[in-house]
Every structure is written in C-alpha cells, then in structure tokens.
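Heads up, the thing below is written out as structure tokens.
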Amino acid sequence: NATVSIAELDVQLDLGQAIGKSAFIINNFWVSSKKNSDWEQNLCLGFEKVGVDSAGRMSGFVALQDFKIRTSITWPEREKALNQTPLVQGSLGFSKLRVKASFDYQAFLVADITSFEFMMYNVRNGPNASGDRLVAMLDGDSVQVFCTTTTASQGLALYQAFVKLAQEKRTNYEASLKEIERFMKRKSIAHPTNFPAPL
C-alpha cells in the first residue's frame, strides 16, 4: 500500500512576453495505491481544488473542485486465465469545472460544468464466457460551453505560440551546452595534466 498526500502546492510560471505568467495552485491532493495480490490493483486519486490563473497575452483561468478518480483492475488467475481479459472498473467525478480562455486579450472560450460523474466497467457473463461487454454510465447536472467566431483561430494561434516557445527553449538549451563544451575544452588546454617522468 502506498499513500501520498499534499496539503497545498503553489507554482508560479513566467512563460515570457509571448504567452504571459501563470499560477498553478492545488489544495488537499492525495493518491492511494493498494495491491493485495498479484491479480489485482486499485488506485484512487483526488483533490479538493485545483486552479490555474494566467495573466498576459494568454489570460484566463481553470478551476476544478472536488475531483475524484478511481481505477480497479483484476486479472484472472494464471490457472483460470484462458486468454480472458481482466475485469476493469473506472470512475471519475467532480463537482464543478469552470474555464475561461483568452488570447491576445480576447476571450474565445467559456465553460461551466457542474456535478459530473462517469463510470465504466466490463461484465463477464460467466467463467467460461468467450467475451465480455462494456458498460458505461454518465451523469451530470449542467454543461454550458460558449465559443466565439474566432475560437478556432485563437486556439491555433495559442498552440503555435507554445510550439514557438518550446523551440526557443530547445535552441537556448543546445547553445548553452555548446558553450559549456567550449569552456571545458579551453580549460583542459590551458591547464594540461603533468604526469611525473618515468624513473
């Protein structure tokens, strides 16, 4: 059994003038993993609140509350496997999700989702059944998503800005490595190792 718990995590990111600054905050995050035998595995994850606030060219926020996810998988025992698929169950739910996205100081996406729950599992009719069937259930209170006529173009521009930022960081990283290599070569030439003369 393994359990990880974090009371609060606050991360500040400065992505430059091309994108802006972002703040990532998570409260009461926990993960629990449980394995009683070689044939099963259970994983639970949840947090009370997670939020992302951005300011600058890319602005807006993401707020997710009371998020919980659980997965369970059970494999048939080796003697009874007979090429059967494992039994899998997964559930996901949250109480509230709010999103506002802006780029170039223009809002292009607003979403508000409340009381969302999803469950999926497979069912086997019997130990000798040749196959199984998948069951999924979705339940929610309200889903509201609003877009503008520029949503597609603004989304593409935001993606291109992130790609350009990643390329610039990679170029700067490679240039730094080359500079370090040149410095190390100059240092080794300026201070050669003097071995003692043989007797």
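The values are calculated or read from the model by the stated rules, or taken from the named source; none is laboratory data. It should be emphasised that the depicted structure is a prediction, and the values quoted were computed from it without experimental measurement. All Cβ positions, glycine included, derive from the backbone under ideal geometry; neighbour counts span all protein chains shown. Only protein heavy atoms, including side chains, enter the accessible area calculation; ligands, DNA and RNA are left aside. Shrake-Rupley method; radii C 1.70, N 1.55, O 1.52, S 1.80 Å.
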Quiz item: Pick the calculated volume of the Cα convex hull per residue in Å³ for this structure from (i) 222; (ii) 96; (iii) 276?
Solution: (iii)
Self-check item: Segment Arg124-Val31, extension gain: residue separation times 0.36 nm, minus the distance between their alpha carbons
Solution: 30.6 nm
Exercise. Round to the nearest 0.05 the FRET efficiency obtained for Arg186 and Leu165 when R0 = 35 Å and r is the Cβ-Cβ distance.
Key: 0.65
Quiz item: R0 = 22 Å: FRET efficiency of Leu45 with Gln65, Cβ-based, nearest 0.05?
Solution: 0.90
Quiz prompt | Magnitude of the charge dipole, the chain, Cβ model with Lys/Arg +1 and Asp/Glu -1, debye to 20 | solution = 740
Quiz item: When the accessible area of the chain is split by element with a 1.4 Å probe, what percent falls to carbon and sulfur?
Solution: 58
Quiz item: Contour minus end-to-end for Ala111 and Tyr173, with contour as 0.36 nm per residue of separation and end-to-end as the Cα-Cα distance?
Solution: 18.6 nm
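Please tell me the relative contact order of the chain in percent, rounded to the nearest whole number, where contacts are Cα pairs under 8 Å and at least six residues apart.
13
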Quiz item: Which angle between 0 and 90 degrees, to the nearest 10, do you get for helix 151-190 versus the longest principal axis of the chain when only C-alpha atoms count?
Solution: 40
Quiz prompt | Selection from Thr171, Gly93, Asn125, by position along the positive dipole direction of the chain (Cβ) | solution = Thr171
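Hey, what's the chain come to in accessible area per residue, 1.4 Å probe, Å²? Don't skip to the end; give the middle numbers.
Details: 14640 Å² over 199 residues.
Accessible surface, normalised per residue, equals 74 Å².
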Quiz item: Can you give the charge dipole size of region 1-98 about its Cα centre, rounded to the nearest 20 debye, using +1 on the beta carbon of Lys and Arg and -1 on the beta carbon of Asp and Glu?
Solution: 220
Quiz item: Under the rule of -39500 (n - 2.57) per DSSP H run of 4 or more residues, summed and divided by the residues of the chain, what mean residue ellipticity at 222 nm is obtained, to the nearest 500 deg cm²/dmol?
Solution: -7500 deg cm²/dmol
Quiz item: Between Phe146 and Thr85, what is the spin-label point distance in nm, taking each point 7 Å from the Cα along the Cα→C-beta axis?
Solution: 4.1
Exercise. Would you please give the FRET efficiency between Thr74 and Ser5, computed as 1/(1 + (r/R0)^6) with r the Cβ-Cβ distance and R0 = 30 Å, to the nearest 0.05?
Key: 0.70
Self-check item: Distance between region 140-156 and region 18-72 - C-alpha centres, whole angstrom
Solution: 22
